[in-house]
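The numbers here are math on the coordinates, done by the rules we state, and not lab data. A quick note: this is a predicted structure, and the numbers were derived from the prediction, not measured. Glycine also receives a Cβ, built like all others from the backbone with ideal geometry; neighbour counts cover every protein chain displayed.
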Amino acid sequence: MRMVALCCAVLALGVACSDAGGVDADVIAGPEKAAVQGALNSTLASDSSYLLLAALVFPFVDRASRQVGPGGDTTRVVAIQLDIDAAADSARLVAQLSAILAWSGYDSLANTVDTVVFVVGEGANTLPINDSLRTRFSPDTVGTGTGFAIHQTGPSTYIAWLARAGALQITAASYGSGVSQSLGTLDFTRFRGTGHGAYHMTAKLIPDSSTTIMTALDFSGGVQALKMRITGTLP
């Protein structure tokens, strides 16, 4: 119930808190963001780490860097960090997550996206992060993470692969001054900045493991990053 209360509080802040402007080349158009979230929701509706980020951070994700590969394909990338340290009665709710969201092949006419990669690991405040990817992980287990690759095959159909091996590395992150808001007894601070690192992942098809894929991305040059810090006392 405490986590539900926290998620509701963040959603109450509203997407209106976004400060993206149309002059920024990294701004994500609304339909494109919806296509990416549709792909994520299709596969990760029961993944607790994704649900936490989707409720507490994704509403404020409105920029993603563009990286052009050797073949000319463009991948959009954003680094995400979540830092919760809030009092809850006689205990504390503490959670730290770092994630990379990357996608390519958005079709503005069909409002579909070819491929979405979501890699998430433990930790947010202590860098560098070097998390080993596996099929499942707990934010309480240092040095672990997991990942998914999702391919859209039709207007509302998807296939997905789950990590079996690999790593998420965040070597550095820098942020500007945060924008803080209070909602009751909770304080929310949103930071924008730049994240540096890389990931590589070997994944197998869900659910039958019949095919294996490999995906990797080097963003050591820096990509858009968003961090949400939540402190205070849960209602």
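Residues of region 109-128 falling in the label zone of residue 48, defined by backbone nitrogen less than 17 Å from a point 7 Å along Cα to beta-carbon, are 120-123. Reducing region 172-235 and region 36-56 to their Cα centroids gives an inter-centroid distance of 13 Å. Ordering of 127-134, 67-74, 108-115 by packing is 127-134, 108-115, 67-74, highest average first (other Cβ atoms within 10 Å, averaged per residue).
With a Förster radius of 30 Å, plug the Cβ-Cβ distance of residue 187 and residue 66 into 1/(1 + (r/R0)^6) and report the FRET value to the nearest 0.05.
0.35
Computed extension gain for residue 34 through residue 153, at 0.36 nm per residue and net of the alpha carbon distance, reaches 41.2 nm.
The candidate values were [x] 18.8, 55; [y] 17.1, 55; [z] 18.1, 60; the one computed from these coordinates for Rg and Dmax of the Cα atoms in Å carries the label [y]. At an R0 of 30 angstrom, the distance between the Cβ atoms of residue 198 and residue 233 translates into a FRET efficiency of 0.20.
Lys and Arg at +1, Asp and Glu at -1: add these up for the other residues within a Cβ distance under 10 Å of residue 98 and post the number. Neighbourhood net charge equals -2.
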